[in-house]
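Since every read-out is calculated from the coordinates, none of them should be taken as a lab result. What you are looking at is a predicted structure, and each value in this text was computed from that prediction instead of being measured. Cβ placement follows ideal geometry from the backbone for every residue including glycine, while neighbour counts extend to all protein chains displayed.
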Amino acid sequence: MIKIQPLKENDFKRVLEIEKELFQDPMTYSELVNFTKQDCFKIWKMEINQIIGYVSFFKIKNEIEIIKIGINKAYQGKGFGSCLINEMKKAEVNYFFLEVSVENIFAINFYFKNGFYKIGERKMYYKQKDNSRIDALTLCLKI
Ligand SMILES: CC(C)(COP(=O)(O)OP(=O)(O)OC[C@H]1O[C@@H](n2cnc3c(N)ncnc32)[C@H](O)[C@@H]1OP(=O)(O)O)[C@@H](O)C(=O)NCCC(=O)NCCS
């Protein structure tokens, strides 16, 4: 059975493992701890026996800003990421916002499939491994 729940401290290690697997610039333990100290910052985990994915976001009044969403590679393309988005849509919010790299075509398609649309571009938003910078799209979803 799939469970989606707020992340607990003893889940940090597993989430950081998934971060390392999926992202060029994975969060460090201390970054994660600092984020979780902020009132508006939330992370939800998705579990099927063990954690297979998560979404981190800021929820401020009626808006959610998604920071990262990640599904363990072995589970990608099976609807789990969409399931996390659908769970977030149940929160009492009117708008979702996020930035996504212009090169992350899978993620852009994933967000479009889940109802997001482009509202802008942010030049040189993300730093890459070689220190060059890459543009991001700003996407929005109105509930
Ligand atoms: C983006 C991500 C969260 C989507 O979760 P998911 O569970 O794989 O996505 P779903 O199964 O719910 O949706 C699949 C859709 O996403 C897109 N997609 C996502 N990953 C894909 C992949 N590896 N190959 C092809 N399409 C992919 C497609 O549009 C697909 O739709 P389709 O099945 O109709 O072709 C997940 O692939 C992931 O963790 N990617 C790496 C981390 C990342 O880039 N996160 C987003 C930026 S923070």
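Things to note:
- Computed E for LYS142/ASN34 - FRET, C-beta separation, R0 35 angstrom, nearest 0.05: 0.70
- Cα centroid separation, the range 76-98 to the range 99-143 (Å): 16
- Once the C-beta distance of GLN128 and ILE60 is scaled by a Förster radius of 30 Å, the resulting FRET efficiency is 0.55 to the nearest 0.05.
- For the range 3-142, DSSP calls about 90 percent of its internal beta bridges antiparallel.
- Of LYS3/LYS89; LYS3/LYS123; LYS42/LYS73; LYS61/LYS142; LYS59/LYS118, those spanning more than 26 Å from alpha-carbon to alpha-carbon: LYS3/LYS123
- A simple charge model with +1 on the Cβ of Lys and Arg, -1 on the Cβ of Asp and Glu and nothing else charged puts the dipole of the range 3-142 at about 240 debye relative to its Cα centre.
- Whole-Hz couplings from phi, Karplus 6.51/-1.76/1.60, listed for the range 57-63; x for Gly and Pro: 7, 9, 10, 10, 6, 9, 10
- Volume per residue that the Cα convex hull of the chain spans, once the total is divided by residue count, Å³: 115
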